[in-house]
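The values are calculated or read from the model by the stated rules, or taken from the named source; none is laboratory data. These figures come from a predicted structure and were not determined experimentally. So basically every Cβ, Gly included, is an ideal-geometry build from the backbone, and we count neighbours across all protein chains shown.
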């Protein structure tokens, strides 16, 4: 979505992170996505770093440059990403830990973090303008991931936020094609 806003075409390569194949590890020794391979063969990893690069490459079309606007967008980005990280930890606990080693109090704590963040995001999305920027992208993509992995938890408890996400994608169909999908 960030590349689309910046007018930069990227070749997307579907990647199975569970496999840790040579393409993934060769692009990012951490073994995580996303990774951006630049024209000179060097690689950037992590969504935040890649978004900063896209923004700079486009002449700052993604990240507001005024201090107040920058602070607003970056705060919302951090809130959305923190929510997604907490929810991701609950998924990893089930996906990668044997049942006898799972710690439910820790999972519950992650869900409390995620739900507090979602409640705060519900208030923050009202402050976003119509022109998509980094904050919109962080919220829409992180909510899209949550909707993909935990749709009923998300939509039942945070219906207004789910509606914001659906409206965002309906209003910006060129970004809807980049909505998280399995």
task = For residue 77, indicate whether it is surrounded by 11 or more Cβ atoms within 10 Å (Cβ to Cβ) and in the same structural domain as residue 169 (by TED's automatic domain parsing).
result = yes
task = For segment 55-71, indicate whether the set of residues that are at pLDDT below 95, over 16 Å from the mean Cα position of the chain (by Cα) and on the phi > 0 side of the Ramachandran plot is non-empty.
result = no
request  = Count, please, the residues in segment 114-131 that happen to be over 12 Å from residue 76 (Cβ atoms) and either touching a strand residue (DSSP E or B) at 6+ places or on another chain (Cβ under 8 Å) or buried (at least 17 other Cβ atoms within 10 Å of the Cβ) (or both).
outcome  = 3
task = Answer yes if at least one residue in segment 2-10 is over 21 Å from residue 180 (Cβ atoms) and free of Cβ contacts under 8 Å to residues at least 40 places away in the same chain, and no otherwise.
result = no
inquiry  = For segment 137-160, give me each residue that is closer than 23 Å to residue 49 by Cβ and touching a residue at least 60 places away in the same chain (Cβ under 8 Å).
reply    = 137, 138, 139, 140, 141, 142, 143, 145, 146
